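Quick notes on the structure that follows.
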Amino acid sequence: MGRLRTKRIGVMGGTFDPIHLGHLAAAQEAFEQFAMDEVVFVPAASSPFKQEEESQYAEKRYLMTVIATASHPRFQVSRLELERPGPSYTIETMRELRRAYGPRSEFFFIGGTDTIMELGAWKEPEALLELCTFIAVERPGYEADKIKKSLSASERKRFTANPRIVSMKMPGMDLSSTDIRQRVREGRSIRYMVPWEVIGFIEKNGLYRNR
């Protein structure tokens, strides 16, 4: 009998407020470059770093993520963090995913370079590096080399030189959920920034007009 193959799982966490084409492009690029079997999007209920996040929008953010990923056969959306009380800590999510997928799974956490280079401020960062490889997605203005220079010597030694943190370059796409919300408030178009289905959801539900 042949040896069972290890399943390669990408994990993309975030508030997705709203999810946009930059998120989807990064997930697809990582899926291809790292030969993944699937990518799991995990909308946060309440980020420890975004205390202003209003929990009543969690379900709408989840639905937008489902709508945006529905057409991709290897993209999944998890409710793990929405159903767990308290702030959404990545270490707890990764432990739950590892239990769910079993020992023959290898995990890759996909995030922006600017976010991943702050790994030292996350809960149990060393334990996280044991559970998954971090893919730091580079985008204009947030290149890995530029961010590394802003870190202290101890931070560079502990995290950026770690083999479990790898960089991934992206085509020139610089989108921000914050900027998209601002455009909606100002009545400006978000076409070609957000999937059409998500634009329809935002308009139907009147999202971001007063936020």
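The values are calculated or read from the model by the stated rules, or taken from the named source; none is laboratory data. These numbers were taken from a predicted model, which means no experiment stands behind them. Note that each Cβ is placed from the backbone with ideal geometry, even for glycine, and that neighbours are counted across all protein chains shown.
Would you check if there is a residue in region 24-33 being in contact (Cβ under 8 Å) with a residue 60 or more places away in the chain, surrounded by 15 or more Cβ atoms within 10 Å (Cβ to Cβ) and in contact with an Asp or Glu (Cβ under 9 Å, 6 or more places away or on another chain)? Checked against the condition, which is being in contact (Cβ under 8 Å) with a residue 60 or more places away in the chain, surrounded by 15 or more Cβ atoms within 10 Å (Cβ to Cβ) and in contact with an Asp or Glu (Cβ under 9 Å, 6 or more places away or on another chain), region 24-33 yields no hits at all. Residue 54 meets the conditions (1) surrounded by fewer than 16 Cβ atoms within 10 Å (Cβ to Cβ); (2) at pLDDT below 95; (3) farther than 27 Å from residue 197 by Cα in every case but one. The failed one is (3).
In the condition set (1) more than 10 Å from the chain's Cα centre (by Cα); (2) surrounded by fewer than 24 Cβ atoms within 10 Å (Cβ to Cβ), residue 17 is compliant with all but (2).
Close contacts from region 86-115, counting a first residue that is closer than 16 Å to residue 38 by Cα and a second that is part of a helix (DSSP H, G or I) and of a type in the set (Val, Ile, Thr), with Cβ to Cβ under 8 Å and a gap of 6+ residues or different chains, come to 109/90; 109/116. Tell me, which residue of region 141-164 that is assigned to a helix (DSSP H, G or I) and touching a helix residue (DSSP H, G or I) at 6+ places or on another chain (Cβ under 8 Å) is modelled with the lowest pLDDT? My answer is 147. Answer yes or no as to whether residue 200 is modelled with pLDDT of 95 or more, surrounded by fewer than 18 Cβ atoms within 10 Å (Cβ to Cβ) and either over 24 Å from residue 133 (Cβ atoms) or within 20 Å of the chain's Cα centre (by Cα) (or both). Yes.
Within the bounds of region 115-123, is there any residue that is among the aliphatic types (A, V, I, L, M), in contact with a helix residue (DSSP H, G or I) (Cβ under 8 Å, 6 or more places away or on another chain), under 26 Å from residue 7 (Cβ atoms) and modelled with pLDDT under 95?
Yes, there is a match, as at least one residue in region 115-123 is among the aliphatic types (A, V, I, L, M), in contact with a helix residue (DSSP H, G or I) (Cβ under 8 Å, 6 or more places away or on another chain), under 26 Å from residue 7 (Cβ atoms) and modelled with pLDDT under 95.
Looking only at residues in region 34-48 that are touching a helix residue (DSSP H, G or I) at 6+ places or on another chain (Cβ under 8 Å) and either part of a helix (DSSP H, G or I) or modelled with pLDDT under 95 (or both), the one that is surrounded by the most Cβ atoms within 10 Å (Cβ to Cβ) is 44.
Taking each residue of region 165-180 that is at pLDDT below 90 and looking for partners that are exposed (fewer than 15 other Cβ atoms within 10 Å of the Cβ) and in a loop (DSSP other than H, G, I, E, B) with beta-carbon atoms closer than 8 Å, six or more apart or interchain, yields 172/140; 174/140; 174/141.
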